[in-house]
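Below is one structure, written out as structure tokens; the observations come after it.
The values are calculated or read from the model by the stated rules, or taken from the named source; none is laboratory data. Source: prediction; values computed, not measured. Virtual Cβ from ideal backbone geometry, glycine too; neighbours counted across all protein chains shown.
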């Protein structure tokens with residue numbers, strides 16, 4: 001009986017030391033060590049999205065997001081965020097049609113493109129909220 005208890009206590013100590021070791025790592029270090037392929041792909045997708053974002057900025061400029069305002073007032077920011085909400089909703093509705101309902105694509109925008117647009121609009125909304133858009 002005591003032998004079983006000693007083994008159990010030893011296993012608890014080993015488990016606790018591993019937990020302490022894991023808790024000294026940052027969340028990034030933990031994820032990159034535990035899920036290296038997932039993290040690498042995440043970074044790759046971010047880089048692809050950033051490049052597409054920059055190309056679209058060069059084509060359209062910041063006015064399509066600021067809706068012609070200077071984003072100086074709360075009302076300007078609300079207008080911009082409302083416009084972003086509509087764009088995000090359009091993408092969500094598109095995904096619903098393609099993924100959930102299984103409707104065929106008829107406009108030539110892939111599911112991948114739709115996910116990318118949705119992600120980028122989310123980031124743009126945060127930039128607007130933080131007061132950094134077009135600066």
Over 17 Å from residue 113 (Cα atoms) and in contact with a helix residue (DSSP H, G or I) (Cβ under 8 Å, 6 or more places away or on another chain) - does that describe any residue in segment 43-63?
-> no
Enumerate the pairs (first residue in segment 33-53 and outside the structural domain of residue 112 (by TED's automatic domain parsing); second residue anywhere and surrounded by 13 or more Cβ atoms within 10 Å (Cβ to Cβ) and at pLDDT 95 or above) with beta-carbon separation below 7 Å, excluding pairs fewer than 6 apart on the same chain, so at least 6 apart or on different chains.
-> 39/31; 39/32
Can you spot a residue in segment 117-129 that is over 21 Å from residue 45 (Cα atoms) and touching a residue at least 40 places away in the same chain (Cβ under 8 Å)?
-> yes
